[in-house]
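Report on one structure; see the data block that follows.
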Ligand code: PHE
């Protein structure tokens with residue numbers, strides 16, 4: 001075999017060896033045996049001196065070609081093996097990268113919170129300040145100072161949860177907060193809304209729960225009139241239900257206001273739902289209101305000869321039921337995710 005033939009043979013062996021390498025380690029080994037310092041192709045250069053002058057350039061050119069080609073094929077082979085190794089690893093880790101991710105549950109606001117915030121925002125825009133008070137109050141604050149002495153029949157309107165402490169109870173409405181606001185701001189004019197949870201010891205039905213949110217409002221100043229009450233509450237209703245909503249005031253009775261009224265908004269009787277929640281009349285009562293009773297003003301430290309004011313109180317859940325068409329108030333505290341996730 002001539003030296004040139006030996007070179008071609010070393011080349012063939014090298015090619016075959018590379019093709020049969022199945023891991024990157026085997027290619028490294030192959031490199032050592034073929035192109036490395038003592039590799040079969042590399043060692044061929046030692047034959048150079050034995051060549052005739054005429055064969056020398058031929059041999060040199062061919063040797064370079066072979067080295068370059070093997071080098072290039074090695075790169076390709078290694079890249080392919082690397083890819084295959086990664087694929088195998090993914091498969092063996094049993095990670096299915098095409099599976100959809102697990103959704104992270106995201107909390108959301110309870111519909112009562114949303115409407116409560118809407119109401120507070122509207123009053124905030126109208127210049128009212130939020131005033132907070134406690135859920136556990138005295139009989140004095142919840143009833144007596146609001147012109148409901150112990151034997152007053154109006155107490156029957158609100159079945160009360162009493163605590164074991166004499167004269168301490170869960171507030172049945174937010175109206176007691178009126179008294180706290182008056183004591184705090186006296187003798188300044190007042191324009192506050194008082195949000196809060198209220199409690200009543202009632203039979204739980206489709207329309208009544210033992211706990212619910214109210215937002216109370218109180219405005220006191222010189223020359224505050226019934227017109228201010230009507231204007232403020234009508235504007236509120238328009239901002240909450242839409243500019244075209246119709247409202248009306250009906251005379252009513254509360255011991256702490258005189259005169260007293262209830263405000264209705266007109267929903268119409270077109271849909272089955274509107275007929276049902278308005279009992280066929282199209283009108284839905286949304287709040288109680290009135291001019292602050294002189295006795296209440298005096299209890300709060302305001303001289304009724306000099307100051308007048310108006311107050312109102314609304315149930316938030318009522319409003320939510322109306323807004324979202326919720327047929328049963330018991331859903332609110334039922335904690336059923338199928339209900340809550342709809343909002
Ligand atoms: N507190 C009354 C209720 O719970 C509502 C009300 C508040 C009425 C303020 C008049 C003035 O029904």
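Would you calculate the volume per residue, in Å³, of the smallest convex hull containing every Cα atom of region 1-139?
Details: hull volume 39.3 nm³, N = 139.
It is 283 Å³ per residue.
Cα axis of helix 226-241 to longest principal axis of the chain: angle in degrees, 0 to 90, nearest 10?
Approximately 30 degrees, to the nearest ten.
With contacts defined as alpha carbon pairs under 8 Å and 6 or more residues apart, what's the relative contact order of region 111-340 in percent? Working shown, then result.
Values: 433 pairs, mean separation 49.4, N = 230.
Relative contact order for region 111-340 comes out at 21 percent.
Based on DSSP H runs of at least 4 residues, each adding -39500 (n - 2.57), what is the mean residue ellipticity at 222 nm of the chain after dividing by all its residues, to the nearest 500 deg cm²/dmol?
Numbers: 12 runs with 142 residues, N = 343.
Dividing the helical sum by the residues of the chain leaves -13000 deg cm²/dmol.
On a 0 to 90 degree scale, rounded to 10, what angle separates helix 55-93 from the longest Cα axis of the chain?
The two axes meet at around 30 degrees.
Would you mind ranking 239, 273 by Cβ crowding within 10 Å, fewest neighbours first? Spell out each step's value before the answer.
Details: 239 17, 273 14.
Ordered from fewest to most neighbouring Cβ atoms within 10 Å, 239, 273 come out as 273, 239.
Let me make sure I get this right: for region 271-341, a, b and c are the square roots of the gyration tensor eigenvalues over alpha carbons, sorted descending. Under 1.5 in a/c it's rounded, otherwise prolate if a/b > b/c, else oblate. Which is it?
Numbers: a/c = 5.14, a/b = 2.16, b/c = 2.38.
Oblate, since a/c reaches 1.5 and b/c is not below a/b.
Suppose we keep just the alpha-carbon trace of region 58-168; what are its Rg and Dmax in angstrom?
40.1, 125
Between region 175-203 and region 321-343, how far is it from one alpha carbon centroid to the other, in angstrom?
Taking the Cα centre of each part, region 175-203 and region 321-343 sit 27 Å apart.
Kirkwood Rh, region 110-239, all Cα pairs: how many Å?
Details: mean 1/r = 0.0625 Å⁻¹.
In region 110-239 this quantity evaluates to 16.0 Å.
Rank 103, 327, 57 by mean-square fluctuation in a GNM of the chain with C-alpha springs under 10 angstrom and give only the top-ranked residue.
57
So, R0 is 30 Å and r is the distance between the beta-carbons of residue 91 and residue 25; what FRET efficiency does that work out to, to 0.05? Don't jump to the answer; show the numbers that get you there.
Working: r = 20 Å, r/R0 = 0.67.
For R0 = 30 Å, the calculated efficiency reads 0.90.
For a quick check: sort 95, 220, 326 by the number of other beta carbons within 10 angstrom, fewest at the front.
Working: 95 10, 220 25, 326 19.
Sorted ascending by nearby Cβ count, the order is 95, 326, 220.
Write down the Kirkwood hydrodynamic radius of region 201-262, to one decimal in angstroms, obtained as one divided by the mean of 1/r over all alpha carbon pairs. All intermediate terms of the calculation are to be shown ahead of the outcome.
Numbers: mean 1/r = 0.0698 Å⁻¹.
One over the average 1/r among Cα pairs gives 14.3 Å for region 201-262.
Per 10 Å bin from zero, what fraction in whole % of the C-alpha pairs of region 212-314 is there, up to the bin with the longest pair?
Histogram of Cα-Cα distances, whole percents per bin: 15, 42, 29, 11, 3.
For the chain, would you read off the P(r) tail past 27 Å as a percentage of all alpha carbon pairs? Provide the component values of the computation, followed by the final result.
Values: 36588 of 58653 pairs.
Roughly 62 percent, once rounded to a whole number.
Over region 230-271, what is the mean sequence separation of C-alpha contacts under 8 Å (at least six apart), divided by residue count, expressed as relative contact order in percent? Don't jump to the answer; show the numbers that get you there.
Working: 38 pairs, mean separation 13.0, N = 42.
Here the relative contact order equals 31 percent.
Which of 44, 263, 126 has the fewest other C-beta atoms within 10 Å, and how do the rest follow up to the most? It would help to have the intermediate numbers written out before the result.
Details: 44 21, 263 24, 126 14.
Listed from fewest to most nearby Cβ atoms, that is 126, 44, 263.
If contacts are Cα pairs under 8 angstrom and at least 6 residues apart, what is the relative contact order of region 97-243 in percent? Please report the intermediate quantities before stating the final value.
Numbers: 177 pairs, mean separation 34.1, N = 147.
Across region 97-243, relative contact order equals 23 percent.
What translational diffusion coefficient, to the nearest whole µm²/s, does region 1-83 have by Stokes-Einstein, given a Kirkwood radius computed over alpha-carbon pairs, a temperature of 37 °C and 0.692 mPa s viscosity? Let's see the in-between values first.
Values: Rh = 13.2 Å.
So the translational diffusion coefficient is about 249 µm²/s.
Just to confirm the number: angle between the C-alpha axis of helix 3-20 and the first principal axis of the chain, 0 to 90 degrees, nearest 10?
With both axes taken from Cα atoms, the answer is about 30 degrees.
Between residue 342 and residue 12, what is the FRET efficiency for a Förster distance of 56 Å, r being their Cβ-Cβ separation, to the nearest 0.05? Could the numbers behind the result be given before it?
Numbers: r = 75 Å, r/R0 = 1.33.
The value I calculate is 0.15.
Coordinate-derived values only; no laboratory data. Worth saying up front: this structure is predicted, and the values here are computed from it rather than measured. Heads up, the Cβs are rebuilt from the backbone with ideal geometry, glycines too, and the neighbour counts pull from every protein chain shown.
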